[in-house]
Amino acid sequence: MVFRRRNRRTVAEWAREFIYPRGGFRRAAQYVTHRLRRLPDEPHRIARGVFAGVFVSFTPFFGFHFLSAALLGWVMRGNIIAALLATFVGNPLTTPVIAITSVELGHRILGIDAPMDVRSIIAAFTNAGAELWDNARALFTSDVTHWENLGTFFGTIFWPYLVGGLLPGLAVGLAFYWAAIPIVRAYQKIREGQARARLEKRLRLKSPAKAAKPSSGDDGSHAAP
């Protein structure tokens, strides 16, 4: 196939590029912005999709951000591709800041006195995932299921994260929404102007050629009297 990679990436290369893109986060952000501006849709629909993707990035549904963004974008009648692209806001550089801010805000709202930092949040997610996996395997073996880590994780991390991420997600999502509308609209006008200029240029090039072509009755000969 024309667009197939010549050398397929290994699992380690894929994981490394997921954590840190090959061209850096600046280039990745430029790529996402470029793709958003070129989407063939109304600016308001693209902006609603952007809001959905940014808002979902402030939720603890890791592994389901794409699905959640697509679903929310569909409910809001926004552009689904824009929603998927906008989840880039929740990248490995910003996610620790989002996580600690959301969890701390959730603790204050819910009245939970449990100081947290980035390491403890990551450890809680890791322990909960490991326990969930062990319990899933226990369904097919004689092992005993344990839910202690999951219970602690839900009460001190997941639920505060979900509650605390609503306000920041709403604020940042609305900021991206209002910023996306004029940017997309201006870019679409530029593209329309460029397309119109290319069309007019083609028409101008065709006009002289059509004028120089002799008509069917004018072959240079004259009828005899």
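The values are calculated or read from the model by the stated rules, or taken from the named source; none is laboratory data. Everything numeric here is computed off the predicted structure, so don't read it as measured data. A quick note on method: Cβ atoms are made from the backbone with ideal geometry, for glycine too, and the neighbour counts reach across all protein chains shown. Accessible surface areas use protein heavy atoms only, side chains included; no ligands, DNA or RNA. Shrake-Rupley method; radii C 1.70, N 1.55, O 1.52, S 1.80 Å.
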Quiz item: What number goes with the only condition from (1) under 27 Å from Leu85 (Cβ atoms); (2) among the polar types (S, T, N, Q); (3) open to solvent by less than 40 Å² (accessible area, probe 1.4 Å) that Thr101 does not pass?
Solution: (3)
Exercise. Can you tell me which residue within region 129-143, out of those that are open to solvent by 50 Å² or more (accessible area, probe 1.4 Å) and polar (S, T, N, Q), is nearest to Gly63 (Cα to Cα)?
Key: Thr141
Quiz item: For Arg77, are the conditions met, namely being of a type in the set (D, E, K, R) and within 30 Å of Ala179 (Cα to Cα)?
Solution: yes
Quiz item: Is one or more of the residues making up region 42-55 out of contact with any Pro (no Cβ under 9 Å at 6 or more places or on another chain), open to solvent by 30 Å² or more (accessible area, probe 1.4 Å), assigned to a loop (DSSP other than H, G, I, E, B) and without any contact (Cβ under 8 Å) to a residue 12 or more places away in the chain?
Solution: yes
Quiz item: Within the set of pairs 6 or more residues apart or between chains, which connect a residue that is part of a helix (DSSP H, G or I) inside region 115-143 to a residue that is open to solvent by less than 70 Å² (accessible area, probe 1.4 Å) and hydroxyl-bearing (Ser, Thr, Tyr) with Cβ atoms less than 7 Å apart?
Solution: Asn135/Thr145; Ala138/Thr145
Quiz prompt | Residue in region 144-161 that is most open to solvent (accessible area, probe 1.4 Å), counting only those that are hydroxyl-bearing (Ser, Thr, Tyr) and in a helix (DSSP H, G or I) | solution = Thr152
Quiz item: Looking at region 177-216, which of the residues that are open to solvent by 100 Å² or more (accessible area, probe 1.4 Å) and at pLDDT below 70 is nearest to Phe51 (Cα to Cα)?
Solution: Lys210
Quiz item: Could you count how many residues in region 56-69 are free of Cβ contacts under 8 Å to residues at least 24 places away in the same chain, surrounded by fewer than 24 Cβ atoms within 10 Å (Cβ to Cβ) and touching a helix residue (DSSP H, G or I) at 6+ places or on another chain (Cβ under 8 Å)?
Solution: 3
Quiz item: Of the residues that make up region 70-92, is at least one open to solvent by 50 Å² or more (accessible area, probe 1.4 Å), within 22 Å of Ile157 (Cβ to Cβ), at pLDDT below 85 and not β-branched (Val, Ile, Thr)?
Solution: yes
